[in-house]
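**Q** After the structure tokens below, expect a handful of questions from me.
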Amino acid sequence: MTSSSDWQLRAEIEALCARSAELLDEGPLAAWPSLFAEHGSYRIVTRENLDQGWPLALMLCESRAAIEDRVHAIEHLSLTIPRRVRHMTSGLRISADAEGWRVEANFAVFETLAGAQTVCFAAGLYRDRIIRDADGALRFRERTAICDSALIRNSLVVPL
Amino acid sequence: MTSSSDWQLRAEIEALCARSAELLDEGPLAAWPSLFAEHGSYRIVTRENLDQGWPLALMLCESRAAIEDRVHAIEHLSLTIPRRVRHMTSGLRISADAEGWRVEANFAVFETLAGAQTVCFAAGLYRDRIIRDADGALRFRERTAICDSALIRNSLVVPL
Amino acid sequence: MTSSSDWQLRAEIEALCARSAELLDEGPLAAWPSLFAEHGSYRIVTRENLDQGWPLALMLCESRAAIEDRVHAIEHLSLTIPRRVRHMTSGLRISADAEGWRVEANFAVFETLAGAQTVCFAAGLYRDRIIRDADGALRFRERTAICDSALIRNSLVVPL
């Protein structure tokens, strides 16, 4: 990627990924679905299931409306221990495809329960398809978070 | 951010943040205060205190001179177990304000005590105000490290 | 770094580091040695040994051929518990030298053993010398991974 438009694109993709982390970590969570295209999908799978070809997902939302439902449910959970999550990403790789771009990056997510120390909650790989939407904004057409571990501490509440 | 000057600025801000991590992790720690403006402030607060509006800070230095005093004290601590710290940042967000720029990024800090394994020490959010100083260099006008956890392993010796 | 060629270089260096992480984490591991110059070296040392001037390395490969041997050995290990590794880097610093560039970055590596949760495996500093090779590609002339801890969980199988 050497032209100025490539730089601009990379900056836009980095900004989309940073905005996703910000909304998940700092809120408002209700704004997070707006980062997805209308027909965008979000899923969390384990590496083991992916490698075995098993379709089971830890979280699966097949449209922005489904993602909004999920977020609404999370915001109305009343039994959850208060917690903070913190998303780190590294090593962005971008390649063009027919509709937009395929993007991969490593992630590590940290969790802090009230009154407890911060622990590593999950690590893995984001495998994204990103498109330029009708309004000119970049959005996730697909975001798949592939978890290295099949074990999730406590429960998986907030999206990865 | 699409013009070349925006790119240059982003590179400069990334370099300032990388230099801060380098000086805290690799030293010399005595050079770290030079990254702050003369009237620059540094503080560490917990998310809980921030959310509750409580003013208590884990560390609070309200000028570069106060930061220098703190660093001097750290360098002369004799009772501390030898340790290494390692700062990681992710998801830089930049917006302009009247004096310069407001910058946020996620952080995760790892600690290794002599003879022990590396553990996650803290995770949280940097909330910075950065200015272009009289000599042309970017410096922190404010750096606030907001810790996700109210519990800090061992003691908080080195700045986050 | 302010000119467009500097930007291009930074992007290339970031891409080389991201590609190294990708090949170690996602494979194929057999392609990883191709990121090193023919006379390129790779070593892992502990901070303690480095600080003391002790030459002992946890892993030491003094040519691309030696790196290929090491990778071949790793791929034929049969007794290892299945595991995933995940490399995160942060805070890239680049400076020119006579042959190419000296590059430093912080790293944190996470490990997930089959049936277990993800843990922090190691953190430390990459100290690299990168050159532009005869075919125009950037490659590692030297990559030294300096581990903050002298203790490595389980065993050190995959390069850092």
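The values are calculated or read from the model by the stated rules, or taken from the named source; none is laboratory data. All values reported here derive from a predicted model rather than from experimental measurement. Ideal geometry is used to build each Cβ from the backbone, glycine not excepted, and the neighbour counts take in all protein chains shown. Surface areas here come from the heavy atoms of the whole protein model, side chains and all, with no ligands, DNA or RNA. Shrake-Rupley method; radii C 1.70, N 1.55, O 1.52, S 1.80 Å.
**Q** Could you look through the stretch C:25-38, keep only residues that are more than 12 Å from C:E68 (Cα to Cα) and surrounded by fewer than 19 Cβ atoms within 10 Å (Cβ to Cβ), and pick out the one that is farthest from the other protein chains (Cβ to nearest Cβ)?
**A** Taking the candidates together, the pick is C:P28.
**Q** Take the residues of the stretch A:57-91 that are over 30 Å from C:L92 (Cβ atoms) and among the small types (G, A, S): which is surrounded by the fewest Cβ atoms within 10 Å (Cβ to Cβ)?
**A** First, the residues of the stretch A:57-91 that are over 30 Å from C:L92 (Cβ atoms): A:57-83.
Retained after the next criterion (residues that are among the small types (G, A, S)): A:57, A:63, A:65-66, A:73, A:78.
On the way: A:A57: 16, A:S63: 16, A:A65: 13, A:A66: 16, A:A73: 10, A:S78: 4.
Restricting to residues being over 30 Å from C:L92 (Cβ atoms) and among the small types (G, A, S), the top hit is A:S78.
**Q** Still on this structure, I have one more. Out of everything in the stretch A:4-17 that is free of Cβ contacts under 8 Å to residues at least 40 places away in the same chain and open to solvent by less than 50 Å² (accessible area, probe 1.4 Å), what residue ends up being farthest from the other protein chains (Cβ to nearest Cβ)?
**A** The selected residue is A:D6.
**Q** Out of all the residues in the stretch C:16-32, which are farther than 17 Å from C:F121 by Cβ, assigned to a helix (DSSP H, G or I) and small (G, A, S)?
**A** Answer for the stretch C:16-32, where residues must be farther than 17 Å from C:F121 by Cβ, assigned to a helix (DSSP H, G or I) and small (G, A, S): C:A18, C:A30, C:A31.
**Q** Ok, one more. Restricting the search to the stretch A:6-35, which residues are over 20 Å from A:G91 (Cα atoms) and either aromatic (F, W, Y) or modelled with pLDDT under 90 (or both)?
**A** Listed by number, the list holds a single entry, A:W32.
**Q** From the set of residues in the stretch A:44-57 that are under 15 Å from the mean Cα position of the chain (by Cα) and over 27 Å from B:E104 (Cα atoms), which is nearest to the other protein chains (Cβ to nearest Cβ)?
**A** Kept after step one, since they are under 15 Å from the mean Cα position of the chain (by Cα), are these residues of the stretch A:44-57: A:44-46, A:57.
From what's left, over 27 Å from B:E104 (Cα atoms): A:45-46, A:57.
On the way: A:V45: 13, A:T46: 10, A:A57: 18 Å.
Per the stated criteria, the residue is A:T46.
**Q** Separate question: Go through the stretch C:47-64 and give me each residue that's under 19 Å from C:R141 (Cβ atoms) and not in a loop (DSSP other than H, G, I, E, B). So that I can check it myself, show each step before the final result.
**A** To start, the set of residues in the stretch C:47-64 that are under 19 Å from C:R141 (Cβ atoms) comprises C:50, C:57, C:59-64.
Passing the criteria: C:L50, C:M59, C:L60, C:C61, C:R64.
**Q** Continuing with this model, one more query. Which pairs do you get when a residue that is within 7 Å of chain A (Cβ to nearest Cβ) and part of a loop (DSSP other than H, G, I, E, B), found in the stretch C:106-123, comes within reach of a residue that is open to solvent by less than 10 Å² (accessible area, probe 1.4 Å) and aliphatic (A, V, I, L, M), reach meaning Cβ atoms under 9 angstrom, with the pair 6+ apart or on two chains?
**A** C:Q117/A:A122
**Q** Can you tell me which residue among A:I67, A:I74, A:I44, A:I13 is assigned to a helix (DSSP H, G or I), among the β-branched types (V, I, T), within 18 Å of A:A145 (Cβ to Cβ) and in contact with a Cys (Cβ under 9 Å, 6 or more places away or on another chain)?
**A** A:I67
**Q** Right, another one. So, in the stretch A:77-105, exactly how many residues are over 30 Å from C:L24 (Cβ atoms) and in a strand (DSSP E or B)?
**A** 1
**Q** Go over the candidates C:H76, C:H87, C:H72 one by one and state the one that is in contact with a helix residue (DSSP H, G or I) (Cβ under 9 Å, 6 or more places away or on another chain), farther than 23 Å from B:H87 by Cα and not basic (K, R).
**A** From the options C:H76, C:H87, C:H72, the qualifying one is C:H72.
**Q** Going through B:D148, B:D128, B:D135 one at a time, which residue ends up being more than 8 Å from every other protein chain (Cβ to nearest Cβ), modelled with pLDDT of 95 or more and open to solvent by 10 Å² or more (accessible area, probe 1.4 Å)?
**A** Criteria check complete, one pass: B:D135.
**Q** Between a first residue in the stretch A:68-94 that is over 25 Å from A:N106 (Cα atoms) and a second residue that is at pLDDT below 85 and open to solvent by less than 40 Å² (accessible area, probe 1.4 Å), which pairs have beta carbons less than 9 Å apart while being 6 or more apart in sequence or on different chains?
**A** Short answer, once both residue conditions are applied: A:L77/A:V157; A:T80/A:V157.
**Q** Could you go through the stretch A:92-105 and let me know if any residue there is of a type in the set (S, T, Y), open to solvent by less than 40 Å² (accessible area, probe 1.4 Å) and on the phi < 0 side of the Ramachandran plot.
**A** No; the residues of the stretch A:92-105 include none that is of a type in the set (S, T, Y), open to solvent by less than 40 Å² (accessible area, probe 1.4 Å) and on the phi < 0 side of the Ramachandran plot.
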